[in-house]
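Trainee: Below is one structure. I have some questions about it.
None of the figures in this text is laboratory data; all of them are computed from the coordinates on show. In this text, all values refer to a predicted model and were calculated from it rather than measured experimentally. Using ideal geometry, Cβ is built from the backbone for each residue, glycine included, and neighbour counts are taken over all protein chains shown.
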Amino acid sequence: MSRSPRNLKADIAKDKSNVETNAPLEAESTHTNRVVDLKKIADGVRLILEGIGEDPTRSGLIRTPERVAEMYVELTAGMREDPQAHVQPLPGDTHDEMVIVKDITLASVCEHHLAPFVGRCHIAYIPKNGRIVGLSKLARLTETFARRLQVQERLTTEIADTLYQGLKPLGVMVVIEAEHTCMTIRGVKKPGAQTITSAIRGCFKEARTRAEAMALLFGGRGIER
């Protein structure tokens, strides 16, 4: 989910409030109680620099360990957030037809290589008894799960299950398309390769309902762009 520079700075400041540079500090969230230790991360980065033959004390690298530590606080911010907080029905508003939010941008970190993967998430659901959530909450739900150490398959499932269990709609469908740097800049080195995952719950397991959602999402062209 794209954010303005002002909002991004506010998010980083919020994340920093849950950490210290010299000692571990328990995150404020009562949901996960994760502990972040900026100093430990920075020390680890220095070891990596030394391990690849670099000099962590040279001018261009002096602040690098701290910068990387702060980056990982931001990239894992979802570990200190409660995704259920984003799945609250809107009071007084009802709707009984399919709801789709597509092209929600996401950036996450592959837990196998700590390499980023970026892409888009598409979410469709059909409300039950008129219960709907704010459209921005679907983007926030995606962001909360993406800002963790992830694999794309689990990320897709977690978004679908949280929405399905929290809102109790008739059905949920989540599709994620992403490019993984762990296979584009290393290893097999195949730039442009897209990984597509889906999670289907409830009435979307019916072929007609799923076909309708796919047509609205991709214009009858499948997932090819």
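Trainee: Give me the orientation-averaged projected area of the Cα convex hull of the stretch 37-79, in nm², one decimal.
Mentor: Working: hull surface 12.0 nm².
It is 3.0 nm².
Trainee: Once you list every other residue whose beta carbon is under 14 Å from the beta carbon of Q165, what net charge do they have if Lys and Arg are +1 and Asp and Glu are -1?
Mentor: Numbers: positive: K128, R131, K168, R201; negative: D82, E158, D161.
Spelling it out: positives minus negatives among the neighbours equals +1.
Trainee: A further question follows. Post the alpha-carbon centroid distance, the stretch 70-96 to the stretch 116-168, in whole angstrom.
Mentor: Using only Cα atoms to place each centre, the spacing works out to 9 Å.
Trainee: Given R₀ = 41 Å, what would the calculated FRET efficiency be for C182 paired with D43, taking r from the Cβ atoms and rounding to 0.05?
Mentor: 0.95
Trainee: Along Cα→Cβ, 7 Å out, is where each label goes; now give me the distance between the ones at E97 and A207 in nm to one decimal.
Mentor: Using points 7 Å along Cα→Cβ, the separation is 2.5 nm.
Trainee: Counting only the backbone N, which residues of the stretch 170-205 are under 18 Å from the spot 7 Å out from the Cα of H113 toward its beta-carbon?
Mentor: 178-196
Trainee: How large is Rg/Rh for the stretch 95-225, to two decimals, with Cα atoms and a Kirkwood Rh? Spell out each step's value before the answer.
Mentor: Numbers: Rg = 14.9 Å, Rh = 15.1 Å.
So for the stretch 95-225, dividing Rg by the Kirkwood Rh gives 0.99.
Trainee: Let's see if you can work this out: charge +1 on each Lys and Arg Cβ, -1 on each Asp and Glu Cβ, no other charges. What is the dipole magnitude of the stretch 87-218 about its Cα centre, in debye to the nearest 20?
Mentor: Working: 17 positive and 13 negative charges, 46 e Å.
Charge dipole of the stretch 87-218: 220 debye, to the nearest 20.
Trainee: Sticking with this structure for a sec: Once both labels are modelled 7 Å past Cα along the beta-carbon direction, what's the V151-L61 spacing in nm?
Mentor: According to this spin-label approximation, the distance is 3.3 nm.
Trainee: So which of K102/K128; K40/K189; K168/K205; K102/K137; K39/K189 end up more than 25 Å apart, counting from Cα to Cα? Mind showing how you got there, number by number?
Mentor: Numbers: K102/K128 21 Å; K40/K189 31 Å; K168/K205 15 Å; K102/K137 13 Å; K39/K189 33 Å.
Among K102/K128; K40/K189; K168/K205; K102/K137; K39/K189, the Cα-Cα distance tops 25 Å for K40/K189; K39/K189.
Trainee: Working from the pairwise distances between different alpha carbons, so that the mean of 1/r is found and then inverted, what is the stretch 78-154's Kirkwood radius in Å? Can you show the working numbers first?
Mentor: Details: mean 1/r = 0.0738 Å⁻¹.
One decimal place: 13.5 Å for the Kirkwood radius.
Trainee: Ok, one more. Between I52 and N129, what is the label-point separation in nm under the 7 Å Cα-to-beta-carbon projection?
Mentor: The answer from the label model is 5.5 nm.
Trainee: Turning to a different aspect of this structure: Taking only C-alpha pairs under 8 Å that are 6+ residues apart, what is the relative contact order of the stretch 84-140 in percent? Before the final figure, lay out the partial values.
Mentor: Working: 82 pairs, mean separation 26.7, N = 57.
About 47 percent, as a whole number.
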